[in-house]
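K.L.:
First the structure, then my questions, so here it is.
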Amino acid sequence: MVFSFIKGQFIDVIEWTDDTRDTMVWRFERHGNEIKYGAKLTVREGQAAVFIHEGVLADVFSPGMYMLETNNMPIMTSLQHWDHGFKSPFKSEIYFVNTTRFGDMKWGTKNPIMCRDPEFGPVRIRAFGSYTMRVADPARFMQEIVGTDGEFTADEISLQIRNVLVPEVSRVLASSGIPVLDMAANTADLGKLVATAIAPTVAGYGLTIPEFYFENISLPEEVEKAMDKRTSMGVVGDLNKYAQFSAAEAMTKAAENPGAAGAGMGLGMGLGMGMVMGQQGPWGAAPAAAAPATPQPPAPPPPPVEAVWHIAANGQTTGPFGRATLGQMAGAGTFTRDSMVWTAGQDGWKRASDVAELAQLFTVMPPPPPPGV
């Protein structure tokens, strides 16, 4: 901004140099000074100058250099009834409007968008991206958006634009008919559809959306995890061939290390798994054409396990001995009623005569003769 004062009273040069990169409208401050007849107005490329005279939009100047005189201010002349020109100063508010593109404006869906996917059925998706914006009609932009704001930035209108964008994004995605898995390949077309759909609305603000971008279209986390599992299964491919490959790998590893303790077991497990997997269908189930198995009679119950006992004598234990062996020992006199015995599940050592199952061994034999007989 350059101020040149003539006689300390009149503004002679009117211009605006912007270095903020986000200012859309800036009001030329007069500080009580009047605009001189014949003053120089400089409007640079990417700018427009809007004159507001007594609250009414008077003139809009495109890029160029102007001498503010009657012949190039027709609307102002008609407002002031300057039929024969004027030579005196006049008072007007002057707003410079930035008409360049404002890029990297962000947008995003607050809530998921419900869509009917031809493959997955009803799904919820989210989307976000960016867009560019520029002022196409400075006069309408001043009337509809700016008003009397002396300095208007892009951030002040971004929320309002997002409120227009997001409903159109939802409508376009829901009605596009494009499968979710193919949307990433069609983001450019989707962006054009959204930009075209919102063009009439933003034009009412004096704006245009030259570019609209989708940066990401995502599904809920649970759905993405399910798709990852499905992708993993697709990478494995034919499970029969995969099982054969796994069995071959197991055989190769066993052959490379024949002396290992688990080599034989690993080889057997690899071959067994390969045979079982090879007989199963692509999803691990038996083939549909397999003949039903012939029912087999139930196996007989296993025989009961015979109890065995340990014998304690002279601080040492012997055994275990079965009941038949203990009967032979009782007949030989090496196993008596007073022998201390123990078996699994028994609470401590007991005399043989106190164990019902062993006491029977001594009933068929006479007791020892009394002393002195």
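K.L.:
Going 7 Å from the Cα of Ala203 in the Cα-to-Cβ direction, what parts of the range 132-172 have a backbone nitrogen less than 14 Å from that spot?
P.N.:
Counting only backbone N, you get 136-137.
K.L.:
Which of Trp349, Trp107 has the fewest other C-beta atoms within 10 Å, and how do the rest follow up to the most?
P.N.:
Trp349, Trp107
K.L.:
Taking 22 Å as R0, compute the FRET efficiency from the Cβ-Cβ separation of Glu224 and Ser175 and round it to 0.05.
P.N.:
0.40
K.L.:
I've got another one for you. Compute the length gained on full extension between Glu156 and Leu57: take 0.36 nm times their separation in residues and subtract their Cα-Cα distance, giving the result in nm to one decimal.
P.N.:
33.4 nm
K.L.:
Turning to a different aspect of this structure: Starting from the Cα of Lys40, draw a straight line to each of the aspartates and glutamates and keep only those under 12 Å, dropping any in the same chain fewer than 8 residues away.
P.N.:
Asp12, Glu15, Glu69
K.L.:
Taking the beta-carbon count within 10 Å as an exposure proxy, list Arg171, Arg230, Arg162 from fewest neighbours to most.
P.N.:
So the residues, fewest neighbours to most, are Arg230, Arg171, Arg162.
K.L.:
Can you tell me the length gained on complete extension of the stretch Gln360 to Thr231, counting 0.36 nm per residue apart and subtracting the Cα distance?
P.N.:
Between Gln360 and Thr231, full extension yields 39.2 nm more.
K.L.:
Express the relative contact order of the range 102-223 as a whole percentage, based on alpha carbon pairs under 8 Å and six or more residues apart in sequence.
P.N.:
The normalised contact order for the range 102-223 reaches 39 percent.
K.L.:
Using the count of nearby Cβ atoms within 10 Å as a rough guide to exposure, how do Asp338, Asp189 rank from fewest to most?
P.N.:
Ascending Cβ contact count within 10 Å gives the list Asp338, Asp189.
K.L.:
Still on this structure, I have one more. In nm, what is the difference between 0.36 nm times the number of residues separating Asp347 and Lys91 and their Cα-Cα distance?
P.N.:
So the extension gain works out to 80.6 nm.
Rule-based calculations on the coordinates, nothing more; no lab input. As the structure is a computational prediction, the values presented were derived from the model and not from experiment. Quick reminder, even Gly has a Cβ in these numbers, built from the backbone with ideal geometry, and neighbours come from all protein chains shown.
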